[in-house]
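Peer 1: To start, I am sharing the structure in question, which I have written as structure tokens.
None of the figures in this text is laboratory data; all of them are computed from the coordinates on show. None of these values were measured; they are calculated from a predicted model. Cβ atoms come from the backbone with ideal geometry, glycine included; neighbour counts cover every protein chain shown.
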Amino acid sequence: MATLILDNGSYSIKGGYSTDNSPRLIPNAITRTKRTKRVYVGDLIDTSSDISGLYYRSPFERGFLTKWDCELAVWDRVFSNSVLGCTPSSTNLVVSEP
């Protein structure tokens, strides 16, 4: 059974399997563009062509998790097959948070 280690920081999430050499670094935020109103979650922020026109929404305020709906959207992206490829039924999870 694989073990996924997730360091859930207020600015970024570092995650990877215990057998990986280096963890993946994923922004812990949701952004929306001013002009097109397109939403980017986590690592998709890097695909935005208009970096200066982004509104950031962070799940943390002053080091405390206050926006659970925002964090849930980021976790859905992090655990998806396109980022970490986590299968909940066959994966152990170790989470650290601020």
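Peer 1: On a full-extension model of 0.36 nm per residue, what is the gain between Arg35 and Ser49, subtracting their alpha-carbon distance, rounded to one decimal in nm?
Peer 2: Net length gain for the segment: 3.9 nm.
Peer 1: What's the local net charge at Arg77, with K and R +1, D and E -1, over the other residues with C-beta under 14 Å away? Intermediate results must be reported in sequence, preceding the final value.
Peer 2: On the way: positive: Arg24, Arg57; negative: Asp43, Asp46, Asp69, Glu71, Asp76.
That sum, taken over residues with Cβ under 14 Å, equals -3.
Peer 1: Rounded to two decimals, what is Rg over Rh for the stretch 46-98 when you use alpha-carbon atoms and the Kirkwood radius?
Peer 2: Result for the stretch 46-98 is an Rg/Rh of 1.04.
Peer 1: What is the log10 of I(q)/I(0) for the chain, computed with the Debye formula using one identical point scatterer on each Cα and no solvent, at q = 0.12, 0.19 Å⁻¹?
Peer 2: The Debye formula, applied to the Cα set alone, gives -0.40, -0.92.
Peer 1: Separate question: Within a Cβ distance under 13 Å of Ser49, other residues only, what is the Lys/Arg minus Asp/Glu net charge?
Peer 2: Details: positive: Lys34, Arg35, Arg38; negative: Asp46, Asp50.
Result for the neighbourhood of Ser49: +1.
Peer 1: Another one. From the backbone phi of the stretch 57-68, what are the Karplus-calculated ³J(HN,Hα) couplings (6.51 cos²θ - 1.76 cosθ + 1.60, θ = phi - 60°) in whole Hz, Gly and Pro given as x?
Peer 2: 10, 9, x, 10, 10, 6, x, 10, 6, 10, 10, 5
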